[in-house]
Amino acid sequence: MLDLNVYDTYFVILYKHFGILISLVFAFLGVIYWLANQFNVQLLKWLTLSHVFLTLGGFIFICLTELIFGESNLPSPDLNYNRILTIYSILFSITSVICIGQILLPINIIVGVIIKSKKISK
């Protein structure tokens, strides 16, 4: 379970729903990569690998972080707020890296289209 506290609302995301979200994200990204392949857009290998690694690695790291430290989010008489703050900071940092890493996909496609147009014009 992934717990998020936003303002006065407390969101609880089950692993099942998190798994569905991850599946949808990768299905969407797969369709984009498939379309790039169908239109013969040659993507840069290192940008593609960086994008996939940041996305997949980030989601795996979020799941592992929640599995390892998830018990500290349960209410107990001796809550250690510094530990919870540290966990939330780690999750926020990894989520930020995942979001910033998504910029690599449009950059890769734009570079691929430019390379393709230069090859066609020659």
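The values are calculated or read from the model by the stated rules, or taken from the named source; none is laboratory data. What you are looking at is a predicted structure, and each value in this text was computed from that prediction instead of being measured. Cβ placement follows ideal geometry from the backbone for every residue including glycine, while neighbour counts extend to all protein chains displayed.
General observations
- Here 14, 24 are screened, and the one residue that is at pLDDT 75 or above and among the hydrophobic types (A, V, I, L, M, F, W, C) is 24.
- For segment 87-105, filtered to residues that are surrounded by 11 or more Cβ atoms within 10 Å (Cβ to Cβ) and more than 17 Å from residue 57 (Cα to Cα), the residue that is modelled with the lowest pLDDT is 87.
- When residues of segment 27-51 are limited to those that are in contact with a Leu (Cβ under 8 Å, 6 or more places away or on another chain) and without any contact (Cβ under 8 Å) to a residue 60 or more places away in the chain, the one surrounded by the fewest Cβ atoms within 10 Å (Cβ to Cβ): 50
- Residue match in segment 42-57 (condition: assigned to a helix (DSSP H, G or I), more than 18 Å from the chain's Cα centre (by Cα) and polar (S, T, N, Q)): no
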